[in-house]
Amino acid sequence: MRIWFKGNRKIYLTLIIVAASATILWSIDMLSDKPPHESIENSRHLISKARREQAEKYASRELIEAEKSWGKAIDEWKKQNEKAMAFRDFSKVNKLSHDAAQKAKSAIDKAKKTRKSLAEELSESLKQLKIDADLVDNLSQKLPVNHKIREKLTPEKLQLSEAQELFNRQEYLHSQKIIVSIKPKIEHLKKQTIEIVKEYFSYFNTWKSQQEEMIKHSKENQCVALVVDKFSRICLVYKSGKLIHEFEAELGANWIGFKRYKGDMATPEGLYHITKRKTGKSTKYHKALLINYPNDDDKKRFVEAKAKKQIPARADIGGLIEIHGHGGRGADWTEGCVALENKDMDKLFSLCPEGTRLAIVGSLKPFSEVTGLE
């Protein structure tokens, strides 16, 4: 027995040493600071989430601070790992990673709020710019003045479409950059267009009075009277005070305002009457109703414009303004006449004897209805 014990004493001693070492190592592990895997991973995850929320665009300061804290935490972790296990202290690592996590959360919240707020703001801006651009486009198509407005509007509308596409792809900052660039230009073109229309519509009360005069004349005399609405491109036919026909009309290529002289391509405005009916070889426009342009008001304006040098010195007042056929081209093309489709001209011609009165007016719709503005 003694011999066996002596032979195995070395084994017992070895086992005791191993057990003691294990106990010491276990004690060190239990008592030493735990590696900060969880806090480091949590802060890293939050920083990644902040980037997915585009914090580098919408909360860059918060994201940079979070990444700085996280980087310091990693450096501190490496520094502690270089020490013996019993002397490692990860409290600073945990503090830095916690700080990084809080800053990442702040970046996430700010990015979400900023992006949402910006999206709402851009949505409203895009909506209003489209309304403004469409208004300018529609009015400038109807108004034969300042064609440069439409030329200037075209590139801005293309830019507006690009901004909308970027917005749809949630590239809000790129969309915003374009909007900031085009907004003052579209607003300026809108202002120019509205000023032109507003000045023209200062005669609206006169136009309505002239329409009422034609209706009254038609009713009192049980006859036909005509009203040409230039803005709406229509010729209204009243009989005994009631509207019986409404024909689409085409005008002079520069129809807005009064006709001032021969060759200005403007359709006159005012009160007129038919002086001659033309058919066959007497007209090249199917059928025609000649009106008494220039009337006394036209002649007075012509003399005043010449005196003020508003028209060429050698300008002639012109004449031969008619309501005639060969219309239906879908554009204003005459030299000042009112053109109807031949089938409509046939109906009108049959209703209008010489002496039939007519008013040619700018618009029967008010400025607010035409523009949607007060």
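If Arg314 passes every condition in (1) charged (D, E, K, R); (2) touching a strand residue (DSSP E or B) at 6+ places or on another chain (Cβ under 9 Å); (3) in a loop (DSSP other than H, G, I, E, B) but one, which one does it miss? Of everything listed in (1) charged (D, E, K, R); (2) touching a strand residue (DSSP E or B) at 6+ places or on another chain (Cβ under 9 Å); (3) in a loop (DSSP other than H, G, I, E, B), Arg314 misses just condition (2). Glu220 falls short on exactly one of the conditions (1) more than 25 Å from Lys299 (Cβ to Cβ); (2) open to solvent by less than 60 Å² (accessible area, probe 1.4 Å); (3) without any contact (Cβ under 8 Å) to a residue 60 or more places away in the chain, and that condition is (2).
Looking at the range 290-300, which of its residues are open to solvent by 70 Å² or more (accessible area, probe 1.4 Å) and in a loop (DSSP other than H, G, I, E, B)?
Taking the range 290-300 first, the residues open to solvent by 70 Å² or more (accessible area, probe 1.4 Å) are 296-297, 299-300.
If the condition is that a residue be open to solvent by 70 Å² or more (accessible area, probe 1.4 Å) and in a loop (DSSP other than H, G, I, E, B), then no residue fits.
Scanning the range 269-289 for residues that are open to solvent by less than 50 Å² (accessible area, probe 1.4 Å) and at positive phi returns a single hit, Gly270.
Out of all the residues in the range 331-374, which are in a helix (DSSP H, G or I), of a type in the set (Gly, Ala, Ser) and farther than 19 Å from Ile291 by Cα?
Step one: of the range 331-374, the residues in a helix (DSSP H, G or I) are 342-351, 367-371.
Of the ones still in play, those that are also of a type in the set (Gly, Ala, Ser) are 350, 368.
Listed by number, the list holds a single entry, Ser368.
Scanning the range 301-312 for residues that are open to solvent by less than 90 Å² (accessible area, probe 1.4 Å) and not aromatic (Phe, Trp, Tyr) yields Arg301, Glu304, Ala305, Lys306, Ala307, Ile311, Pro312.
Of all residues in the range 342-369, those satisfying the criterion of being open to solvent by 40 Å² or more (accessible area, probe 1.4 Å), on the phi < 0 side of the Ramachandran plot and in contact with a His (Cβ under 9 Å, 6 or more places away or on another chain) are Asn342, Asp346, Lys347, Leu351, Glu354, Arg357. Pairs meeting the criteria (first residue in the range 167-196 and without any contact (Cβ under 8 Å) to a residue 12 or more places away in the chain and more than 30 Å from Ser60 (Cβ to Cβ), second residue assigned to a helix (DSSP H, G or I) and open to solvent by 90 Å² or more (accessible area, probe 1.4 Å), beta carbons under 8 Å, at least 6 apart or on different chains) are lacking.
The values are calculated or read from the model by the stated rules, or taken from the named source; none is laboratory data. Source: prediction; values computed, not measured. When we count neighbours, we look across all protein chains shown, and the Cβ atoms used for this are built from the backbone with ideal geometry, even at glycine. Side chains are part of the model used for accessible areas, which takes the heavy atoms of the whole protein and leaves out ligands, DNA and RNA. Shrake-Rupley method; radii C 1.70, N 1.55, O 1.52, S 1.80 Å.
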